[in-house]
Amino acid sequence: MTTNEGPHEIGPVKTEIMEATYEAVSKHGYDSLTIQDIADEFEKSRTLLYYHYDGRDDLLVDFLEYVLYDFLEDLPETKDSARAELETLVETLLPETLDEDVYRIQLAMFELRVNGPHDRDAREQYLHVDKELKELLERIFTRGLETGEFANIDPTVEADLFLSLLTGTRTRRLTVYDPDESIQELRDAIATQIERIAANAN
């Protein structure tokens, strides 16, 4: 059961369920999360949870949609220079460190992504996010070509490359680094790629 709606369109009860799920995931993670964990964070009855959802996995599909909708809404798209917009996007997606709660939520989202090949609904959510991110990157690179900030690039190819860099770096952070450990060296690698396409314009 998926909402097919943004988080502000799903009604107050489901919004409360999503917020309770957020709290439960940040405390318990994905693997060990139970409906009871979510019920413990939900001010209304457990029966109401089962009225809307058949079980944990059904609920988590809606939660994934809820979180990813907010993720897309928060993506920066500014009137700054193309390079500045690209650097702002990197900073947004890859802050140098994470607090523990944000780390646990991102880790749960990663685990749901890994499950994508076995869960059509989760896979569709991530395909949508990848499509939106790639289109945003293509707009940035196209604008950079038009303004002369970038040169000798194919915006579509460059968008695919940077999407892979950003997704791969977020994955490395979640699987190798501690949440409060700096990933500046990983960000420096991406900055080198930005410098490469900017240098082409000189």
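The values are calculated or read from the model by the stated rules, or taken from the named source; none is laboratory data. Nothing here was measured: the structure is a model prediction, and the numbers come from that model. Here the Cβ is made from the backbone with ideal geometry for all residues, glycine too, and neighbour counts use every protein chain on show. Ligands, DNA and RNA are stripped out before the accessible areas are found, and what is left, the full protein with its side chains, is counted by its heavy atoms. Shrake-Rupley method; radii C 1.70, N 1.55, O 1.52, S 1.80 Å.
If I stretch the segment between D57 and T156 completely, what's the gain in nm (0.36 nm per residue apart, minus their alpha carbon distance), one decimal?
Taking 0.36 nm per residue and subtracting the Cα distance, the gain is 32.1 nm.
So how exposed is E181, as accessible area in Å² (1.4 Å probe, rounded to 10)?
Probe radius 1.4 Å; accessible area of E181 about 80 Å².
Pop out the Kirkwood hydrodynamic radius of the stretch 65-181 from its pairwise C-alpha distances, inverse of mean 1/r, in Å to one decimal.
15.2 Å
Each residue of the stretch 24-40 in order: what ³J(HN,Hα) in whole Hz does its phi give by Karplus 6.51 cos²θ - 1.76 cosθ + 1.60, θ = phi - 60°, with x for Gly and Pro?
5, 5, 5, 8, 10, x, 8, 4, 8, 5, 10, 4, 5, 4, 5, 4, 5
With equal scatterers on the alpha carbons only and no solvent term, can you work out the Debye log10 of I(q)/I(0) for the stretch 88-133 at 0.13, 0.33 1/Å?
Normalising to I(0) and taking log10 leaves -0.37, -1.07.
Could you pull out every one of the lysines with an alpha carbon less than 26 Å from that of K27, ignoring same-chain neighbours closer than 8 positions?
K14, K44
Report, by chain and number, residues whose modeled amide H sits under 5 Å from the one on A201, excluding near sequence neighbours (fewer than 5 apart, same chain).
Hits under the 5 Å cutoff: A151.
So for H128, H52, what's the accessible-area order with a 1.4 Å probe, most first?
Largest to smallest exposure gives the sequence H128, H52.
Sketch the reach of a paramagnetic label on E135 as a point 7 Å from Cα along Cα-to-Cβ, and name the residues of the stretch 73-113 whose backbone nitrogen lies under 19 Å away.
73-79, 86, 89, by backbone N distance to the label point.
Is the shape of the stretch 17-64 rounded, prolate or oblate, going by the alpha carbon gyration tensor and its root eigenvalues a ≥ b ≥ c, with a/c under 1.5 for rounded and a/b larger than b/c for prolate?
oblate
Treating cross-link reach as a plain straight distance, find the lysines whose alpha-carbon is under 20 Å from the alpha-carbon of K79, omitting any fewer than eight places away in the same chain.
K134
So what is the calculated 222 nm ellipticity per residue for the chain, using -39500 (n - 2.57) for each DSSP H run with n of 4 or more, over all residues, to the nearest 500 deg cm²/dmol?
-23000 deg cm²/dmol
In square angstrom, what is the accessible area per residue of the chain with a 1.4 angstrom probe?
For the chain, the solvent-accessible area averages 52 Å² per residue.
Can you give the Rg and Dmax of the chain based on its C-alpha atoms, in angstrom?
For the chain, the Cα-based Rg and Dmax read 18.8, 64 Å.
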